[in-house]
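The values are calculated or read from the model by the stated rules, or taken from the named source; none is laboratory data. Here the structure is a predicted model, which means the values were calculated and not measured. Backbone-built Cβ (ideal geometry, glycine too); neighbour counts: all protein chains shown.
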Amino acid sequence: MWIEREISDLIKKLNAERPALLLTGARQTGKSSLLNHLFPKHSYVSLDVPLEARQASESGHFFLESHGTPLVIDEIQYAPELFRQIKIWIDQHRQVTGQYVMTGSQKFSLMKGVSESLAGRVSILNLHSLSVRELVKHFKTDLSAAQVLEWLVKGGYPEIYEHNLDHTRFFSDYLATYIERDVRQLINIRHVREFDQFMRLLAVRSGQIFSMSRIATDVGVSTHTIKSWIGVLEASNIIYLLKPYYQNFGKRIIKSPKLYFLDSGLLCYLANIQSIDRLGNNPLLGAFFETYAFGQLLRSLHNQGKADEIYYFRDKDGREVDFMIPEGNLLNLYECKWHDESGQRPKNINKLTHIFGEENINQITTITTTAKKIRIDEKFSVSNVVEL
């Protein structure tokens, strides 16, 4: 059962325009399956295979010659030395497009290799787990509150839906594999139990201001260790630290990031919420729905190949808005409400208009689960998550 991905047309377009393309994203988001689906005639090699990775690292020129082009190279972070050989090949065949399509699950190490070797030669895209729009289109269903709860708990990893897997079993295996492979490769982790506790503590703080020192105290490790662990989760596309929007607003603006998990199913599993009933009656529902809405905004931008220029705003007087997306000199504001039948502009937004200036606000949107798209005035609308 194949689920169409919104980013597919963009991948094909950029592959036709550039010599190389790199698709990053967390493990199991469907990178390899998507590229093999889009480019069935390409040769394929996975550097997950130790022998292939070693050959690519030690004899990159021979490796590329033996596989030929066009070529899909899976999990290229296991042989970053290969970037230099790919650069040499591209420079020798500069007018040829669509020759190397690569995937990687560790974006920080990948970005270093790309910036050093393939700058100006490669298009970089991000693939997340399934979006609400992709699920709605595939299952041809209405987006009720109950449906949102189900998908929020199950998350968006394609394998869960394609093979009708038990999501709790999937995430149990996913975490075991993730810690054994990716985490141990990126850092010499000795505190496996503490790392597991750390991830679970992060889960119940998703959608909140992130305090490194508080987490360090709760886990019982140093802030240096927490910083290292956060870096690993960011590099592996598990979490996202959302920066505040604080330019030109003085010292009263809160400048710590907010933390979000990028897949709600993994988030719920770590928080020990494994059913719709447990989530629907949980005090964390509002924060988890905000996390879910953030994930849909980010997917919408990345599926269009746009930069993730999203921020939040909060000052020390409590004036805040969940998300802000600049558009030129104007601002688009987004506020999340699990249930909102009022159809009215959120009260907290009214407190912000004199800070930003009414003339600088392009659009105000309440993201909710129940309302249809309503336009109250020329700046305010109500949208459910599928319309992001």
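For this structure, a couple of remarks:
- Residue within the stretch 243-262 that is free of Cβ contacts under 8 Å to residues at least 12 places away in the same chain and in a helix (DSSP H, G or I) present: yes
- The test for being farther than 30 Å from Q147 by Cβ, of a type in the set (G, A, S) and out of contact with any Ser or Thr (no Cβ under 7 Å at 6 or more places or on another chain) holds for A307.
- None of Q28, Q77 is closer than 22 Å to E162 by Cβ and crowded, with 18+ Cβ neighbours inside 10 Å except Q28.
- When A56, A16, A26 are screened for being in contact with a strand residue (DSSP E or B) (Cβ under 9 Å, 6 or more places away or on another chain) and of a type in the set (A, V, I, L, M, F, W, C), only A56 passes.
- Looking only at the stretch 88-143, and only at residues there that are loosely packed, with under 14 Cβ neighbours inside 10 Å, basic (K, R) and modelled with pLDDT of 80 or more, the one that is farthest from the chain's Cα centre (by Cα): R94
- Against the conditions (1) part of a helix (DSSP H, G or I); (2) in contact with an Asp or Glu (Cβ under 6 Å, 6 or more places away or on another chain), S129 satisfies every one except (1).
- Selection of the stretch 148-164 for residues being more than 14 Å from L262 (Cα to Cα) and among the hydrophobic types (A, V, I, L, M, F, W, C) yields V148, L149, I160.
- Residue, surrounded by the fewest Cβ atoms within 10 Å (Cβ to Cβ), within the stretch 339-388, restricted to residues that are part of a helix (DSSP H, G or I), of a type in the set (S, T, N, Q) and at pLDDT below 80: N350
- Residue check for F288: assigned to a helix (DSSP H, G or I), touching a helix residue (DSSP H, G or I) at 6+ places or on another chain (Cβ under 8 Å) and either over 25 Å from G30 (Cα atoms) or at pLDDT 90 or above (or both): yes
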